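Participant: I have a structure here, written as structure tokens, and I will follow up with some questions on it.
Any read-out appearing in this document is the output of simple, stated calculations on the displayed coordinates, not a laboratory observation. No experiment lies behind these values; they were computed from the predicted model shown. So basically every Cβ, Gly included, is an ideal-geometry build from the backbone, and we count neighbours across all protein chains shown.
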Amino acid sequence: MHWNIFHKYSQTILLHFVITVLVAWLLLQEFVCVDDIDLNMVRCRPKCNYGKFSLFGMTYCYPWLTCSEIENIHVTEEIGCGAVKQVGPYILHRHASAMMFEL
């Protein structure tokens, strides 16, 4: 009986600690924000060091994609097409993105 109470409170304390660390990390991280007139909102993304990138809406910086990762992107639908380039949607780290590639 006493173990269950201790276990319950230790989980609560751990959860509060994790949330505190995440909030502190987000407050210390620099973000780049822009006014999106089309959506009538401010969109932000993390400011990343060399060799990493982020998209608007992301909370983390990711390493640049490798050649093999880019080769494994399969675009199944076409958004637009020009004389030498084609654009199609894909998901990158759970964020909707667009891939442009030469024909």
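Participant: Restricting the calculation to Cα positions, tell me the Rg (one decimal) and the Dmax (whole number) of the stretch 62-103 in Å.
Facilitator: Spelled out, the Cα radius of gyration and Dmax of the stretch 62-103 are 10.8, 32 Å.
Participant: Any chance you could run the full-extension gain for Val42 through Leu15? It's 0.36 nm times the residue separation minus the Cα-Cα distance, nm to one decimal.
Facilitator: Details: separation 27, 0.36 × 27 = 9.72 nm, distance 2.99 nm.
6.7 nm is the gain from fully extending Val42 to Leu15.
Participant: Order the peptides 44-57, 68-81 from the highest to the lowest mean number of other Cβ atoms within 10 Å of their residues.
Facilitator: With the highest mean Cβ count within 10 Å placed first, the list reads 44-57, 68-81.
Participant: State, to one decimal in nm, how far the label point of Thr66 lies from the label point of Ala98, with both points 7 Å from Cα in the Cβ direction.
Facilitator: For Thr66 paired with Ala98, the spin-label model returns 2.9 nm.
Participant: Say each of Glu77 and Gln29 gets a label point 7 Å from the Cα, pointing the same way as Cα to Cβ; how far apart are those two points in nm?
Facilitator: Between Glu77 and Gln29, the label points sit 2.8 nm apart.
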